[in-house]
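Before any comments, here is the structure.
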Amino acid sequence: DFLPLKCDACGEVFCKDHIRYDDHKCSSAYKKNVQVPVCPLCNAPIPVPKGEIPDVVVGAHMDKNCKYNPAQQKQRIFTNKCLKPGCKRKEMMKVVCEQCGGNFCIKHRHPLDHDCKGSSHPISKA
């Protein structure tokens, strides 16, 4: 059976087995492609004007407009510095003393370990 079907991209006539763009290797398929490509560096969607090839547009974006910053990939995790004098340790999460409200590392978290000045007497002798 040959039911003539017209390709909406290139305008050629095909049977039902060859009407798909891939089946007849349509050279104009990119005109009908409605997918929005994403930049592999900055993950931003790149609008492609009708009739232009997506690979060329994404390449131009990467060369000129890309906001990719390699420094953003390496964000600091350990940002909470211990307030004990002489200690340079940093923790991922804040460890706050209940008495003085200071931020300390795991080693100096107890009031007796950082010479706490928050109250007159420590709660425990941990």
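Close Cβ contacts (under 7 Å, 6 or more residues apart or on different chains) running from residues in region 11-26 that are among the β-branched types (Val, Ile, Thr) to residues that are modelled with pLDDT of 90 or more and exposed (fewer than 12 other Cβ atoms within 10 Å of the Cβ) comprise Val13/Lys6.
Note on region 52-88: among residues that are open to solvent by less than 50 Å² (accessible area, probe 1.4 Å) and over 30 Å from Ala9 (Cα atoms), the one that is modelled with the lowest pLDDT is Cys66. Can you tell me which residue in region 89-126 is modelled with the lowest pLDDT, limited to those that are aliphatic (A, V, I, L, M) and within 19 Å of Phe78 (Cβ to Cβ)? Out of the qualifying residues, it is Met92.
In region 50-61, the residues that are within 12 Å of Val36 (Cα to Cα) and among the basic types (Lys, Arg) form Cβ pairs under 8 Å with partners that are part of a helix (DSSP H, G or I) and open to solvent by 40 Å² or more (accessible area, probe 1.4 Å), at six or more places apart or across chains, as follows: Lys50/Lys31.
The values are calculated or read from the model by the stated rules, or taken from the named source; none is laboratory data. This is a predicted model, so every value here is computed, not measured. Virtual Cβ from ideal backbone geometry, glycine too; neighbours counted across all protein chains shown. For the accessible areas, the whole protein counts, side chains as well, though only heavy atoms, and no ligand, DNA or RNA atoms are used. Shrake-Rupley method; radii C 1.70, N 1.55, O 1.52, S 1.80 Å.
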